[in-house]
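Asker: Please find one structure pasted underneath; my questions will follow.
Nothing in this text is a laboratory measurement; each read-out follows from the coordinates by a stated rule. Quantities reported herein were computed from a predicted structural model and do not represent experimental measurements. Counting neighbours? That spans all protein chains shown, and the Cβs are built from the backbone with ideal geometry, glycine included.
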Amino acid sequence: MHPAARMQFARIAAEYANWRAVAEDERSPAPAWWWGPAMEAVDEPETMSPEFCASLELPGGSSYGAAAGVLMEALAGQTSLPWPDEFPKKRRDASAAGELAE
């Protein structure tokens with residue numbers, strides 16, 4: 001795997017771990033910027049580091065292709081994407097909280 005793609009996966013693995021740490025009902029949709037790297041790695045057999053595997057909740061020795069599957073699964077079925085300031089947690093809707101500005 002190209003070193004730049006490996007570095008990008010390191011960033012995404014950390015983002016995925018942060019995203020999964022947020023309670024599901026408070027979590028933003030998965031970010032669309034995961035799609036491109038996932039598609040590039042879908043057939044990549046190279047084994048990831050144990051740290052990447054753990055961040056992506058995969059067993060040790062998993063491939064980048066397996067990681068691509070995790071990322072695509074997170075994106076599957078979504079009908080909207082988060083704004084950058086809503087990742088990894090949804091913004092609290094002020095009107096729903098009864099905090100309407102007057």
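Asker: Taking amide H atoms as placed 1.01 Å from N in the peptide plane, list the residues 5 or more away in sequence, or in a different chain, whose amide H sits under 5 Å from that of LYS89.
Answerer: Those lying under 5 Å, H to H, from LYS89 are SER28.
Asker: Could you check the spin-label model distance between ARG20 and MET39? Points 7 Å from the Cα along Cα→Cβ, value in nm.
Answerer: Each label point lies 7 Å from its Cα, and together they span 2.4 nm.
Asker: Further question: Can you pull the Rg over Rh of the stretch 3-77, Cα-only, Kirkwood? Could the numbers behind the result be given before it?
Answerer: Numbers: Rg = 11.5 Å, Rh = 12.2 Å.
That ratio is 0.94, to two decimals.
Asker: Along the charge dipole of the stretch 3-77, Cβ charges K/R +1 and D/E -1, which of MET7, PRO31, SER55 sits furthest on the positive end?
Answerer: With unit charges placed on the Cβ atoms, the residue in question is MET7.
Asker: ³J(HN,Hα) across the stretch 11-17 via Karplus (A = 6.51, B = -1.76, C = 1.60, θ = phi - 60°), whole Hz, x for Gly/Pro?
Answerer: Calculated HN-Hα couplings, in order: 5, 5, 4, 5, 4, 4, 4 Hz.
Asker: Using amide H atoms built 1.01 Å from N in the peptide plane, name the residues 5+ places from SER63, or on other chains, whose amide H lies under 5 Å from its own.
Answerer: Hits under the 5 Å cutoff: MET48.
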